[in-house]
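Contents: one structure, followed by commentary.
The values are calculated or read from the model by the stated rules, or taken from the named source; none is laboratory data. All values reported here derive from a predicted model rather than from experimental measurement. When we count neighbours, we look across all protein chains shown, and the Cβ atoms used for this are built from the backbone with ideal geometry, even at glycine.
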Amino acid sequence: MEKRMRFLAFLIGGGLLVTAMTGCAALRGGAEEPATSHSVPLQVQVDQLRMDVGNLHRVNQNLAHENAALRQQLNNLTVNVEYLRSMATTANQDMTELKTQNAQLRQQVQQLRKAAEAEAAAEEAREKAEEEKKSTKEAKPSTGPAAPKPQQTRPVAPVVEFEFEDYSSDPSPLYDQAMNFYRIGEFPQALIAFDQVFKNFPTSNLADNSLYWIGEIYYAQNDYVSAFEYFDRVTRQYPDGSKTPDAYLKKGFALERQGKYAEALDVLNYTANMFPDHPVLPLAEQMIRQLTQ
């Protein structure tokens, strides 16, 4: 910018000098030669040059503004690219963690299935042994008072231990495992884990949650009688629990599924009156409308 201004100033100065020299030469050549109509006055030329300089100055200012705007856009794009890179890195890390958790869950499911199969085989062997013992006793003829036989011990099935995480002091790891089983549809394993949470930590804040989710599992399997029993246990044993409003709602739903419409309506009305600020309210009101239509 500064170099351009200097160059223009140089041009103006040169133009003025040439014009002055031309005027002097004309005077020296004789005053009898009048100025032609095509010659441009010096002041007009100077004014034109000044206008040109002003136009160039405005053009330079516009270019400077455009350059500043382009730099700002470039900076914004750079920030956006860095943000997207950060998001992609976080997403990749989350994906890796999820894959690891899924692999662990699959392994636990396989272990639980093997344990359940072993328990079933042991139970079958025990029943078979008892049947053989009974048939042998019935087939043997009686010849009078039988001598006392030594008492036979009942075959003991091998103890099956599920490889859950250590829950001796904190129910959260076992509860989290139970929820993972529930989410992937492994209901038998989820039932075992939720039951262990309730039995080992009946006074924890996860005990009522465990009973509630057991009820949800039975509800999902269309066993509405068992589902109602567990929802009812939540409302009776943990009246101030975090899952109590949901348990009342699902009690009404379970009764409706059993065809006990009057009882369901009573429970749902109670739920709506007792928990007007809870998310269960619109669900209870919707079912009430269906039952009263």
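Results, tabulated for the structure shown:
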quantity: Extreme residue, surrounded by the fewest Cβ atoms within 10 Å (Cβ to Cβ), among residues of segment 176-197 that are touching a Leu at 6+ places or on another chain (Cβ under 7 Å) and free of Cβ contacts under 8 Å to residues at least 40 places away in the same chain; calculated: GLN196
quantity: Any hit, segment 82-89, residues being within 60 Å of the chain's Cα centre (by Cα), modelled with pLDDT of 75 or more and either exposed (fewer than 10 other Cβ atoms within 10 Å of the Cβ) or not basic (Lys, Arg) (or both); calculated: yes
quantity: From GLU256, GLU216, GLU229, residue being of a type outside the set (A, V, I, L, M), out of contact with any strand residue (DSSP E or B) (no Cβ under 7 Å at 6 or more places or on another chain) and surrounded by fewer than 19 Cβ atoms within 10 Å (Cβ to Cβ); calculated: GLU229
